[in-house]
Amino acid sequence: MTQTLPHIRAGQTVGLLGGSFDPPHSGHVAISEAAMRRFGLDHLFWLASPGNPLKVHAPAAMERRMAAARDLLTHPRIHVSDIEARMGTRYTAQTLLRLRARHPGVRFVWLMGADNLVHFHHWKDWREILNTVGVGVLARPGDRIRARLSPAARIYRHALLKGRQSQLLSMRPAPAWCFINVPMVDLSSSEIRARGGWARESPDADEMLRKTQE
């Protein structure tokens, strides 16, 4: 079972967008295409998580989420991967540690929506993430002010690049992060599920998925 990302090689800049993608939607596509342009990425990977430790319920089956993501993606250098499940990592810091070891010379950039920056200080080893790779923060509607005032933003304010410096993010030694405002689709996976557009499997299926993560 391979535990590397395809298509990439030393010297390239590769963006990583983690999430459950339960389900993936046009908002994910919009921020990914914006990140490709603004951060000068050679490739971008959606890392479909086996399960978010901060969420109570397990997501839909990995195969279903991966298939839905592939149906959405049309950009030749934006991909979806289940590598976290294959490596057995549940936390971003662990994932980055292993990916950097498996892909020496690749400049990784961790990508997140501004809503995630609000709660970033609750992530396991969040300082290690910021001290290891560049972090690109993409604004979502309504989250700009809270994100800029978040504990992580205040503590690492000295490492903040201006939006016009976004192309330099991967070249700067960590810690370095950049907050950019991009046109966003005001849509979320939870809203799609609430409208019944993406019914999860039965509780039994969720329990089976949860057991595979233990």
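Some notes on this structure:
- Among residues of the stretch 92-106 being crowded, with 19+ Cβ neighbours inside 10 Å and not aliphatic (A, V, I, L, M), the one that is farthest from Glu128 (Cα to Cα) is Thr95.
- Selection status of Leu187, under 22 Å from Ala114 (Cα atoms), among the hydrophobic types (A, V, I, L, M, F, W, C) and modelled with pLDDT of 60 or more: no
- Test: residue in the stretch 14-22 that is modelled with pLDDT of 95 or more, among the β-branched types (Val, Ile, Thr) and more than 25 Å from Ala139 (Cα to Cα): no
- Scanning the stretch 140-184 for residues that are surrounded by 14 or more Cβ atoms within 10 Å (Cβ to Cβ), modelled with pLDDT under 95 and among the β-branched types (Val, Ile, Thr) turns up Ile180, Val182.
- Exactly one residue out of Arg86, Arg90, Arg65 is in contact with a helix residue (DSSP H, G or I) (Cβ under 9 Å, 6 or more places away or on another chain) and touching a residue at least 24 places away in the same chain (Cβ under 8 Å): that is Arg90.
- Scanning the stretch 1-52 for residues that are in a strand (DSSP E or B) and either surrounded by fewer than 17 Cβ atoms within 10 Å (Cβ to Cβ) or not hydroxyl-bearing (Ser, Thr, Tyr) (or both) yields Val14, Gly15, Leu16, Leu17, Gly18, Gly19, His43, Leu44, Phe45, Trp46, Leu47, Ala48.
- When residues of the stretch 158-175 are limited to those that are free of Cβ contacts under 8 Å to residues at least 40 places away in the same chain and of a type in the set (A, V, I, L, M), the one farthest from Arg38 (Cα to Cα): Ala159
The values are calculated or read from the model by the stated rules, or taken from the named source; none is laboratory data. This one's a predicted model, so the numbers in the text were calculated from it and none came from an experiment. So basically every Cβ, Gly included, is an ideal-geometry build from the backbone, and we count neighbours across all protein chains shown.
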